[in-house]
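A short write-up of the structure that comes next.
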Amino acid sequence: MSDYLDRYGRSKSICHRLPAQLKLWLTLVVVFVAVLVPIQYWPLHGMLVCTIFIGFSLARIPLAYVLRRLAIFLPMMLVLSVSMPLSQGFATGWEIMFSILAGSSISLLAGLWLVNVMPFQQLLATLRRLWIPDVLIALLAFMYRYIFVLWDELDKMRVARRARTYGKAGLWFRWKVSAQLIGMLLIRAMSRAERVHGAMCARGWDGRIRTLE
């Protein structure tokens, strides 16, 4: 699971050797420009995409790795963005749809570049130096730490489901079991979060993540 999140975060390239704050600011500038610039200025969006892919090349991040993440992200954003022209009877709303797709895709690419040229702990330390609220940094740190635990729980539940169905269930049954699986995973995650919070409070947790710089 850690390979999935930041597989190339500790590699050595010209992008990895850049100062941490510079990498963060470059990413934020790209995201803000992609979101704020209208789709009518599509050449600028194209330039941003080319710049990001140059960054991937310099960081030695394989194109297949990036395309796989885009393949997961784009269908969800397409369903979300098509709701705009759909709500107008497909008469208007197309510009908003393409603006959402372009801005979100470029933002995803910029975020992928950032997390793969900067270890997550370094990102948190950089955010702290920029006076980001401690509660937000704590949320990010716990998300990164416990998403692996959550993923392990999901793997165990998948194995249990396959053991009970022998992998030969119909499509409707698989959808039904998947919905139950998500609900059970949510219940387990909430239960685990309560136990972790109680243990941390017992050890003097005051709401701030402390790390060795």
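Points worth noting:
- When restricted to residues that are surrounded by 17 or more Cβ atoms within 10 Å (Cβ to Cβ) and not aliphatic (A, V, I, L, M), the stretch 108-119 contains 2.
- Any hit, the stretch 170-190, residues being under 30 Å from ARG17 (Cβ atoms), of a type in the set (Phe, Trp, Tyr) and free of Cβ contacts under 8 Å to residues at least 40 places away in the same chain: no
- Any hit, the stretch 138-147, residues being without any contact (Cβ under 8 Å) to a residue 12 or more places away in the chain and either under 26 Å from SER57 (Cα atoms) or part of a loop (DSSP other than H, G, I, E, B) (or both): no
- For the stretch 121-136, a residue qualifies if it is over 20 Å from LEU26 (Cα atoms) and in a helix (DSSP H, G or I), and the qualifying residues are ASP134, VAL135, LEU136.
- Single residue of the stretch 67-119 satisfying the filter (assigned to a helix (DSSP H, G or I) and among the polar types (S, T, N, Q)) that is farthest from MET47 (Cα to Cα): SER87
- Scan the stretch 163-176 for residues that are surrounded by 13 or more Cβ atoms within 10 Å (Cβ to Cβ) and at pLDDT 75 or above and the total you get is 0.
- Residue in the stretch 38-47 that is modelled with pLDDT of 90 or more and surrounded by 17 or more Cβ atoms within 10 Å (Cβ to Cβ) present: yes
- Looking only at residues in the stretch 85-115 that are among the β-branched types (Val, Ile, Thr) and closer than 30 Å to ILE54 by Cβ, the one that is modelled with the highest pLDDT is ILE106.
- Qualifying residue in the stretch 187-206 (condition: assigned to a helix (DSSP H, G or I), in contact with a helix residue (DSSP H, G or I) (Cβ under 7 Å, 6 or more places away or on another chain), outside the structural domain of VAL33 (by TED's automatic domain parsing) and of a type in the set (A, V, I, L, M, F, W, C)): yes
- Selection within the stretch 36-66 - more than 16 Å from LEU114 (Cβ to Cβ) and part of a loop (DSSP other than H, G, I, E, B): VAL37, PRO38, PRO62
- Enumeration of residues in the stretch 202-213 that are under 18 Å from MET143 (Cα atoms) and either without any contact (Cβ under 8 Å) to a residue 12 or more places away in the chain or among the aliphatic types (A, V, I, L, M) (or both): TRP205, ASP206, ILE209, ARG210
- Residue check for ALA141: at pLDDT 80 or above, under 21 Å from the mean Cα position of the chain (by Cα) and in the same structural domain as VAL33 (by TED's automatic domain parsing): no
- As a summary of the residue check, LEU130 satisfies the conditions (1) surrounded by 15 or more Cβ atoms within 10 Å (Cβ to Cβ); (2) aliphatic (A, V, I, L, M); (3) touching a residue at least 60 places away in the same chain (Cβ under 8 Å); (4) within 30 Å of ILE52 (Cα to Cα) except for the one numbered (1).
The values are calculated or read from the model by the stated rules, or taken from the named source; none is laboratory data. Since we're looking at a predicted model, the values are computed, not measured. Cβ sites come from the backbone with ideal geometry, for glycine too, and all protein chains shown count toward neighbours.
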